[in-house]
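In what follows, a structure is listed as structure tokens, so that the remarks can point back to it.
The values are calculated or read from the model by the stated rules, or taken from the named source; none is laboratory data. Everything quoted here is computed from the prediction, not taken from an experiment. FYI the Cβ positions are ideal-geometry reconstructions off the backbone, even for glycines, and counts take in every protein chain you see.
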Amino acid sequence: MSVVLCIDFGLVRCGVAISDPQRIIASPLATVASQEIEKWLAIEIPKRHITTIVIGFPTRLDGTDSHITENVRLFKAAIQLVYPEIEIVFFDERFSSKMASQSIAQMGHKKKKQDKGLIDQVAAALILQEYLSLS
């Protein structure tokens with residue numbers, strides 16, 4: 001089976017999550033500086049046999065573009081040029097960071113002391129889990 005990688009792209013850092021080979025479970029994987037994400041992908045894609053990349057697509061509640069939407073489109077285009085054999089899809093990421101923060105708080109971490117990198121990883125896992133459940 002094939003592995004799916006999910007990226008919650010941000011201007012500073014990206015949260016990354018990965019599926020199991022059966023595409024059932026999404027797990028947080030890493031937090032990568034945005035300026036390093038393409039180098040990181042060059043190592044991880046062949047190592048982990050990634051066949052699909054899901055990118056969280058940021059929009060406002062009314063469906064219009066957010067302040068980062070165009071950056072995410074450009075990121076997808078850049079990745080698609082380097083990896084034309086990999087399926088790259090957008091998936092709605094609205095509320096993923098808020099839900100990630102709430103999930104981390106339920107595990108006993110105080111909201112004020114939550115690591116932003118961990119929030120990004122968990123947000124990517126939530127996005128990926130939703131994608132897996134619908135595919």
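Things to note:
- Candidates PHE57, PHE75, PHE9, PHE90: the one that is within 15 Å of ALA124 (Cβ to Cβ), surrounded by 13 or more Cβ atoms within 10 Å (Cβ to Cβ) and either free of Cβ contacts under 8 Å to residues at least 24 places away in the same chain or touching a Gly at 6+ places or on another chain (Cβ under 7 Å) (or both) is PHE9.
- Checked against the criterion of being farther than 16 Å from GLN129 by Cβ and touching a helix residue (DSSP H, G or I) at 6+ places or on another chain (Cβ under 6 Å), the candidates THR31, THR59 yield just one match: THR31.
- Within region 1-31, restricting attention to residues that are β-branched (Val, Ile, Thr) and in a strand (DSSP E or B), the residue that is farthest from ILE119 (Cα to Cα) is VAL3.
- Of the helices (runs of 4 or more DSSP H) entirely within region 32-109, those holding at least 1 residues that are modelled with pLDDT of 90 or more and either more than 16 Å from the chain's Cα centre (by Cα) or closer than 27 Å to SER2 by Cβ (or both) occupy 37-48, 69-82.
- Matching residues in region 45-54 - criterion: being basic (Lys, Arg) and surrounded by 11 or more Cβ atoms within 10 Å (Cβ to Cβ): ARG48
- If you go through region 110-135 and pick out every residue that is at pLDDT 75 or above and not polar (S, T, N, Q), you end up with 14.
- Residue in region 37-49 that is under 10 Å from LEU128 (Cβ atoms) and either touching a strand residue (DSSP E or B) at 6+ places or on another chain (Cβ under 7 Å) or touching a residue at least 40 places away in the same chain (Cβ under 8 Å) (or both) present: no
- Extreme residue, nearest to ALA124 (Cα to Cα), among residues of region 12-54 that are out of contact with any Leu (no Cβ under 9 Å at 6 or more places or on another chain) and acidic (Asp, Glu): ASP20
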